[in-house]
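Quick notes on the structure that follows.
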Amino acid sequence: MSRSCGPCFACCIAIGVRQLDKKPGRWCPLIAAPTQRAQGACSVYDGRPEECRKFECLWLTETIGLLKDEERPDRLGAVPWVSSEAAEAAGGNLPTITFYATSNVPENTRLRKVRERMQREGITTVFQHP
Ligand code: SF4
Ligand code: SF4
């Protein structure tokens with residue numbers, strides 16, 4: 001079953017958006033106010049930048065059970081993603097997964113357990129702060 005972002009907007013914090021001069025790990029100024037989030041997390045959703053339109057995290061796209069439904073990025077405090085460079089370097093093997101933190105706080109227990117599970121499965125992961 002395919003996943004949807006639901007109430008998550010972790011990538012609106014974790015990723016950099018060149019068009020907005022938004023740095024990775026910084027709260028996007030265009031995130032909707034809490035009282036308006038019933039319409040979605042982005043206050044300019046229909047006109048959001050191309051980088052935002054294109055971005056899909058690994059939790060959203062993977063279909064081989066790397067991450068559980070309940071391990072959505074907002075719950076992990078980090079956005080899992082595989083760069084095209086990492087995918088190319090892996091040459092058909094499982095690439096390194098980078099978890100981009102949504103804040104400056106240290107890795108939380110839930111994320112640590114996910115990364116330990118992946119490590120047992122032979123998957124290399126990196127936790128990256130902004
Ligand atoms: S981090 Fe993933 S699940 Fe969350 S809003 Fe972004 S793409 Fe959707
Ligand atoms: S413009 Fe919208 S979709 Fe893009 S990072 Fe900001 S809040 Fe998120």
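The values are calculated or read from the model by the stated rules, or taken from the named source; none is laboratory data. These numbers come from a predicted model, not from an experiment. Please note: Cβ atoms are built from the backbone with ideal geometry, for glycine as well, and neighbour counts cover all protein chains shown.
A compact table of results
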item	result
Ser4, sole failed condition from (1) within 14 Å of the chain's Cα centre (by Cα); (2) surrounded by 10 or more Cβ atoms within 10 Å (Cβ to Cβ)	(2)
Residue satisfying all of: in region 17-30; free of Cβ contacts under 8 Å to residues at least 24 places away in the same chain and under 17 Å from the mean Cα position of the chain (by Cα); nearest to ligand 1 (Cβ to nearest atom) among these	Cys28
Hey, Leu30 at pLDDT 95 or above, in contact with a strand residue (DSSP E or B) (Cβ under 7 Å, 6 or more places away or on another chain) and farther than 23 Å from Glu62 by Cα or not	yes
Strands (runs of 3 or more DSSP E) lying entirely in region 31-130 (those with 1 or more residues that are touching a residue at least 40 places away in the same chain (Cβ under 8 Å) and under 14 Å from Cys5 (Cα atoms))	78-81
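Results for (1) surrounded by 17 or more Cβ atoms within 10 Å (Cβ to Cβ); (2) within 19 Å of Arg26 (Cβ to Cβ); (3) basic (Lys, Arg), shown as yes or no for each residue.
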{"position": "Glu51", "(1), (2), (3)": "no, yes, no"}
{"position": "Glu56", "(1), (2), (3)": "no, no, no"}
{"position": "Thr61", "(1), (2), (3)": "no, no, no"}
{"position": "Leu66", "(1), (2), (3)": "yes, no, no"}
{"position": "Val82", "(1), (2), (3)": "yes, no, no"}
{"position": "Glu85", "(1), (2), (3)": "no, no, no"}
{"position": "Ala89", "(1), (2), (3)": "no, no, no"}
{"position": "Pro95", "(1), (2), (3)": "yes, no, no"}
{"position": "Thr102", "(1), (2), (3)": "yes, yes, no"}
